[in-house]
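The values are calculated or read from the model by the stated rules, or taken from the named source; none is laboratory data. Values in this document were obtained by computation on a predicted structure and should not be read as measured data.
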Amino acid sequence: MQEASIQGLWFIVILVLGYYAFKWLARIFLPYIMQKAVRNFEKKAREQQGYQNPADHVREGETVIDKQPRPSKESNNNVGEYVDFEEVDD
């Protein structure tokens with residue numbers, strides 16, 4: 001009977017110490033693990049969307065203009081004909 005209660009006490013002590021050790025280690029390492037997981041998630045999302053970072057392909061000192069060219073405006077000659085008018089005074 002005596003041995004069973006001592007073994008149970010040691011089990012509870014080890015369980016409580018393990019719990020506090022886990023909390024302490026999680027507080028230290030969990031932020032780093034979460035940052036890495038978020039970075040991996042962002043990287044995979046960018047790859048799926050086809051986004052490429054222009055900074056990856058730029059050498060130092062090179063100028064990059066990240067602007068899409070405007071589509072050229074072509075005049076549409078089939079709009080109608082121009083009618084000149086005069087004001088009539090009463």
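Points to keep in mind about this one:
- For the stretch 21-48, a tally of residues being at pLDDT 90 or above and among the polar types (S, T, N, Q) returns 2.
- Leading residue by the ranking (modelled with the highest pLDDT) among those in the stretch 49-78 that are of a type outside the set (S, T, N, Q) and not in a loop (DSSP other than H, G, I, E, B): 57
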